[in-house]
Amino acid sequence: MKDKTGRELSGNEISNKALFRIKTVLLELWVFKLHIAGYVPFHHYRRFLYRISGVKIGKGSALHMGTRFYKPSNIKIGKDTIIGEFAVLDGRAPITIGDHVDIASEVMIYNSQHDIKSANFATVEDTVKEAVVIEDYVFIGPRAIILPGVTIGRGAVVGAGAVVTKDVPALTIVGGVPAKEIGMRDESTLTYKLGRAAWFR
């Protein structure tokens, strides 16, 4: 038996590949079920399912309808945090989201990607996976994209539609493609709470 590059595989490699494939298919099935559950318009039900799937969710935090995951067990969300509709939280490497974070609708947070310089466009399991950290009081605007390995510092703001390719320092406002500094935020404002989750959203 050969791999996709044409290299002959040993018996041990074939067994490992088969076991990995089975685990991957089972994870895909579970993630598909979570995707379907994400359309149930009852926040407490969805949050319960996400928690038993391994997502760590702090007190008072809410994930609105349509949230997508690739590997739930690597995702940690602090308290009083809101994840907007149709957000994508990758999870193939750790994603840590702090307290009082507001992530708007359709934000995509990735921590794995294909190697475009690879001769065979290396698949996800072959690429380096990099953790993403979003610290407390961050706001990420609609349709922003956060790429692998990025840390967004405390109180930073990411503008709508921005593509964040590198770390964002605390209290910095960034926007654009790729995201660049466009302003600063006043630290004295960072004492708020986002409030209770909308139950049917």
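The values are calculated or read from the model by the stated rules, or taken from the named source; none is laboratory data. No experiment lies behind these values; they were computed from the predicted model shown. Cβ: placed from backbone, ideal geometry, glycine included. Neighbour counts: every protein chain shown.
Annotations
- Considering only residues in the stretch 132-149 that are touching a Ser or Thr at 6+ places or on another chain (Cβ under 7 Å) and part of a loop (DSSP other than H, G, I, E, B), the one that is nearest to Tyr192 (Cα to Cα) turns out to be Pro142.
- From Gly175, Gly91, Gly153, residue being at pLDDT 95 or above, in contact with a strand residue (DSSP E or B) (Cβ under 9 Å, 6 or more places away or on another chain) and closer than 28 Å to Met65 by Cβ: Gly175
- Residues of the stretch 66-83 satisfying the condition of being farther than 19 Å from Tyr110 by Cα and crowded, with 17+ Cβ neighbours inside 10 Å: Asp80
- Each residue in the stretch 150-201 was checked for being assigned to a loop (DSSP other than H, G, I, E, B), loosely packed, with under 13 Cβ neighbours inside 10 Å and of a type in the set (S, T, N, Q), and 1 pass.
- Condition met for Lys71 (under 22 Å from Thr151 (Cβ atoms), touching a Lys or Arg at 6+ places or on another chain (Cβ under 7 Å), at pLDDT 95 or above and not aromatic (Phe, Trp, Tyr)): no
- Every condition in (1) surrounded by fewer than 18 Cβ atoms within 10 Å (Cβ to Cβ); (2) modelled with pLDDT of 95 or more; (3) not aromatic (Phe, Trp, Tyr) is met by Ala144 except one, and the failing one is (1).
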